[in-house]
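Q: Structure in structure tokens, see below.
The values are calculated or read from the model by the stated rules, or taken from the named source; none is laboratory data. Note that the structure is predicted; figures quoted are calculated from it, not measured. Virtual Cβ from ideal backbone geometry, glycine too; neighbours counted across all protein chains shown. Keep in mind that these areas ignore ligands, DNA and RNA; they rest on the heavy atoms of the full protein, side chains included. Shrake-Rupley method; radii C 1.70, N 1.55, O 1.52, S 1.80 Å.
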Amino acid sequence: MAAPFPDDFLWGAATSAYQIEGSPLADGAGPSIWHRFAHTPGRVAGHDTGDLACDHYHRSLEDVALMAELGLSAYRFSLAWGRVLPEGRGAVNSRGLDFYERLVDALLEHGIQPMATLYHWDLPVALHERGGWLNPDSPHWFAEYAGTVFRALDDRVPLWITLNEPWVVTVPGYLDGQLAPGHRDLFEPPRVANHLLLAHAEAVAAYRALGRHRIGLAVNLEPQHPASPSPADLEAARRRDAFINRWFLDALVFGRYPEELADIFGPAWPEFSAESLAKIRCPGDFIGVNYYSRGLVRAAPEAPPLDAIRITPTDAELTAMDWEVYPEGLTETLLWLRDRYANPPLYITENGAAFDDPPPRDGLVEDPRRVAYLRAHIRAAATALEQGVDLRGYCVWSLLDNFEWAEGYSKRFGLYQVDPGDRTRRPKTSACFYREVIRSRGAAV
Ligand SMILES: N=[N+]=NCCCCNC(=O)[C@@H]1[C@H]2[C@H](O)[C@@H](O)[C@H](O)[C@@H](CO)[C@@H]12
């Protein structure tokens, strides 16, 4: 196919600190809520923790060499807040910052653009004990952390993401309790979400003070399709669309929350002042899009507060996460962003799939289903590009098999298999495929 991807299109791969680094307390680092959550019995499958993960903390230069082999032009990673500020505020841990400076310098030496995420869910325990994202001071804590990191790295990091998936921080973290800190409460999520948006805005303001203009937020997006044409299912899909797709982006771009959220949360939804809403209006310089699948939705009065649930289609291909393989949804999502938010610059900051990969044979792991998934989704991105979407990059989730949160190491998204024993990296055929895609600037899909 004709390659619509421009020469300066960024081809990347993505990871996050807690999922790959290991050594969460090394060299003066302070524990995060994920260190505490993973060590709480029953929270993570197989009692897995991020204590070792991919041991990236000791193998970062080896991993940069793998990225160079792939021919990546960008690498998206996150910084562990607790490595930089062990107490979340105050004293800087220079050995923690040194790890990230070495990583960034190695990336630049290989011609790979660093894309740094400030927060990928691993809040320092010291701040959680002060209320965490529920504390109205949390935006200021985040801005202090952001400023510390900008001063150390902004001369070398061209692209910044403030928060990864504030919806996942808010809903699995504070509403259904699936992820750290594991709260189950109706009144906390709206306040946590508002503090996250204020935190994003304060970090952007700190960044602007440096005169820079390449910072954004990464959101998980999934088109919501009704399971049937019934009015109840249509209404349920609309509500879930507001809840998942529009909650943070409407706030960021328009400075207002979707009206459905007051219906969903009822008395738990606060009265946000005009002043507070004006503060969260902060679109940044691009939107990071994490796309995996769509939501097939039916009405579910038995499932408050949304009264809607995602159902797993019986006639579709599913990944190991039971997520439907639905590449059309990526095109739909990108076109929706173009039309709703006036064609903002976009990066696909995560796209990938977990499959039960076989053991390696002659040092290579055959993963044809992941190759097919990536091929289909890169094609879907190309279709959106051809329709005028301002798409500037694509990052595979993930470079390495890693700690998949509550699923532990049982779900593997990597282009490289990580041996559960000695953490040896072995390429999958999807890595070879992606290398060819990059070399051909997208023509090889
Ligand atoms: N149902 N369903 N469909 C899609 C659900 C999307 C919500 N989960 C994510 O986006 C997380 C994002 C996270 O950044 C990364 O740290 C995770 O490892 C990946 C893989 O799980 C994805």
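Q: Restricting to region 106-124, give me the number of residues that are within 16 Å of the ligand (Cβ to nearest atom) and among the acidic types (Asp, Glu). Outline the logic, then answer.
A: Step one: filter region 106-124 for residues within 16 Å of the ligand (Cβ to nearest atom), giving 115-123.
So of that shortlist, the ones also among the acidic types (Asp, Glu) come out as 122.
Qualifying residue count for the region: 1.
Q: Here's something else I'd like to know. Looking at region 303-316 only, could you name the residues that are part of a loop (DSSP other than H, G, I, E, B), in contact (Cβ under 8 Å) with a residue 24 or more places away in the chain and within 14 Å of the ligand (Cβ to nearest atom)?
A: Residues of region 303-316 that are part of a loop (DSSP other than H, G, I, E, B), as a first pass: 303-307, 312-316.
Next, from what is left, pick out any that are in contact (Cβ under 8 Å) with a residue 24 or more places away in the chain: 305-307.
Matches in region 303-316: 306 only.
Q: Pairs only if they're at least six apart or on different chains, beta carbon under 6 angstrom, first in region 14-37 and among the hydroxyl-bearing types (Ser, Thr, Tyr), second more than 14 Å from the ligand (Cβ to nearest atom) and open to solvent by 10 Å² or more (accessible area, probe 1.4 Å); list them, first residue then second.
A: 23/57
Q: Another question, if that's okay. Working only within region 276-300, note down all residues that are open to solvent by 50 Å² or more (accessible area, probe 1.4 Å), at pLDDT 95 or above and more than 16 Å from the ligand (Cβ to nearest atom).
A: Keep residues of region 276-300 that are open to solvent by 50 Å² or more (accessible area, probe 1.4 Å), which gives 278-279, 281, 283, 298.
With at pLDDT 95 or above added as a condition, the list becomes 278-279, 281, 298.
Result: 278, 279, 281.
Q: Which number in (1) of a type in the set (A, V, I, L, M, F, W, C); (2) within 16 Å of the ligand (Cβ to nearest atom); (3) surrounded by fewer than 17 Cβ atoms within 10 Å (Cβ to Cβ) marks the one condition that residue 218 misses?
A: (3)
Q: So, in region 377-431, of the ones that are within 16 Å of the ligand (Cβ to nearest atom) and of a type in the set (A, V, I, L, M), which residue ends up nearest to residue 178 (Cα to Cα)?
A: 406
Q: Please enumerate the residues belonging to region 95-116 that are among the small types (Gly, Ala, Ser) and in contact with a Gly (Cβ under 7 Å, 6 or more places away or on another chain). Don't jump to the end; show me each part of the working.
A: Keep residues of region 95-116 that are among the small types (Gly, Ala, Ser), which gives 96, 106, 111, 116.
Scanning region 95-116 gives a single hit, 96.
Q: Got at least one residue in region 294-302 being within 26 Å of the chain's Cα centre (by Cα) and free of Cβ contacts under 8 Å to residues at least 24 places away in the same chain?
A: No, every residue in region 294-302 fails to be within 26 Å of the chain's Cα centre (by Cα) and free of Cβ contacts under 8 Å to residues at least 24 places away in the same chain.
Q: For residues that are touching a helix residue (DSSP H, G or I) at 6+ places or on another chain (Cβ under 8 Å) and either free of Cβ contacts under 8 Å to residues at least 12 places away in the same chain or more than 10 Å from the ligand (Cβ to nearest atom) (or both), scanning just region 156-168, find the one that is nearest to residue 215 (Cα to Cα).
A: Going through region 156-168, the residues touching a helix residue (DSSP H, G or I) at 6+ places or on another chain (Cβ under 8 Å) turn out to be 156-157, 160, 162-163, 166-167.
Cutting the leftovers down to either free of Cβ contacts under 8 Å to residues at least 12 places away in the same chain or more than 10 Å from the ligand (Cβ to nearest atom) (or both) gives us 156-157, 160, 162-163, 166.
Values: 156: 14, 157: 11, 160: 5, 162: 7, 163: 10, 166: 15 Å.
My answer is 160.
Q: So residue 175 fits all but one of (1) touching a Phe, Trp or Tyr at 6+ places or on another chain (Cβ under 9 Å); (2) more than 23 Å from residue 83 (Cα to Cα); what number is the exception?
A: The one condition residue 175 does not meet is (1).
Q: Quick one: residue 152 ticks every box in (1) within 16 Å of the ligand (Cβ to nearest atom); (2) not in a strand (DSSP E or B) except a single one, so which number is it?
A: Here residue 152 clears every test but (1).
Yes/no per residue for (1) surrounded by 18 or more Cβ atoms within 10 Å (Cβ to Cβ); (2) under 18 Å from residue 264 (Cα atoms); (3) modelled with pLDDT under 95:
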{"residue": "139", "(1), (2), (3)": "yes, no, no"}
{"residue": "164", "(1), (2), (3)": "yes, no, no"}
{"residue": "173", "(1), (2), (3)": "yes, yes, no"}
{"residue": "178", "(1), (2), (3)": "no, no, no"}
{"residue": "187", "(1), (2), (3)": "no, yes, no"}
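Q: If a residue counts only when it is open to solvent by 10 Å² or more (accessible area, probe 1.4 Å) and more than 23 Å from residue 71 (Cα to Cα), which strands (runs of 3 or more DSSP E) contained entirely in region 331-445 have at least 2 such residues? Outline the logic, then answer.
A: Values: elements: 346-351, 391-397, 416-418, 425-427.
Those strands (runs of 3 or more DSSP E) do not exist here; none qualify.
Q: Applying the selection to region 101-131, what residues are part of a helix (DSSP H, G or I), open to solvent by less than 50 Å² (accessible area, probe 1.4 Å) and touching a strand residue (DSSP E or B) at 6+ places or on another chain (Cβ under 9 Å)?
A: Answer for region 101-131, where residues must be part of a helix (DSSP H, G or I), open to solvent by less than 50 Å² (accessible area, probe 1.4 Å) and touching a strand residue (DSSP E or B) at 6+ places or on another chain (Cβ under 9 Å): 103, 104, 107, 125, 128.
Each row is one residue, and each column tells you yes or no for (1) hydroxyl-bearing (Ser, Thr, Tyr); (2) open to solvent by 30 Å² or more (accessible area, probe 1.4 Å).
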position: 196; (1), (2): no, no
position: 203; (1), (2): no, no
position: 224; (1), (2): no, no
position: 227; (1), (2): no, yes
position: 230; (1), (2): yes, yes
position: 238; (1), (2): no, yes
position: 247; (1), (2): no, no
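Q: What are the residues in region 59-76 that are in contact with a Gly (Cβ under 8 Å, 6 or more places away or on another chain) and under 15 Å from residue 402 (Cα atoms), if any?
A: Correct list: 76 only.
Q: Here is a follow-up. Across region 30-50, what is the total count of residues that are assigned to a loop (DSSP other than H, G, I, E, B) and not hydroxyl-bearing (Ser, Thr, Tyr)? I'd like the intermediate steps shown before the answer.
A: Let us first name the residues in region 30-50 that are assigned to a loop (DSSP other than H, G, I, E, B), namely 30-31, 39-44, 48-50.
This time we only want the ones that are not hydroxyl-bearing (Ser, Thr, Tyr), so: 30-31, 39, 41-44, 48, 50.
Residues in region 30-50 being assigned to a loop (DSSP other than H, G, I, E, B) and not hydroxyl-bearing (Ser, Thr, Tyr): 9 in total.
Q: Looking at residue 185, is it touching a residue at least 60 places away in the same chain (Cβ under 8 Å) and either farther than 24 Å from residue 273 by Cα or part of a loop (DSSP other than H, G, I, E, B) (or both)?
A: Working: touching a residue at least 60 places away in the same chain (Cβ under 8 Å): no; either farther than 24 Å from residue 273 by Cα or part of a loop (DSSP other than H, G, I, E, B) (or both): yes.
So residue 185 does not fit the description; no.
Q: Also, I was wondering about something else. Pairs under 7 Å by beta carbon, first residue closer than 14 Å to residue 325 by Cα in region 352-374, partner at pLDDT 95 or above and open to solvent by 60 Å² or more (accessible area, probe 1.4 Å), six or more apart or different chains?
A: Taking only residues 6 or more apart or on different chains, the pairs are 354/412; 355/369.
Q: State yes or no: is residue 315 under 19 Å from the mean Cα position of the chain (by Cα) and open to solvent by 30 Å² or more (accessible area, probe 1.4 Å)?
A: Numbers: under 19 Å from the mean Cα position of the chain (by Cα): no; open to solvent by 30 Å² or more (accessible area, probe 1.4 Å): yes.
For residue 315, the condition - under 19 Å from the mean Cα position of the chain (by Cα) and open to solvent by 30 Å² or more (accessible area, probe 1.4 Å) - is not met.
Q: Also, I was wondering about something else. Do the conditions hold for residue 59, that is, is it of a type outside the set (Val, Ile, Thr), within 30 Å of residue 442 (Cα to Cα) and either out of contact with any Cys (no Cβ under 9 Å at 6 or more places or on another chain) or within 16 Å of the ligand (Cβ to nearest atom) (or both)?
A: Working: of a type outside the set (Val, Ile, Thr): yes; within 30 Å of residue 442 (Cα to Cα): yes; either out of contact with any Cys (no Cβ under 9 Å at 6 or more places or on another chain) or within 16 Å of the ligand (Cβ to nearest atom) (or both): yes.
Yes; evaluated as a whole, the condition is true for this residue.
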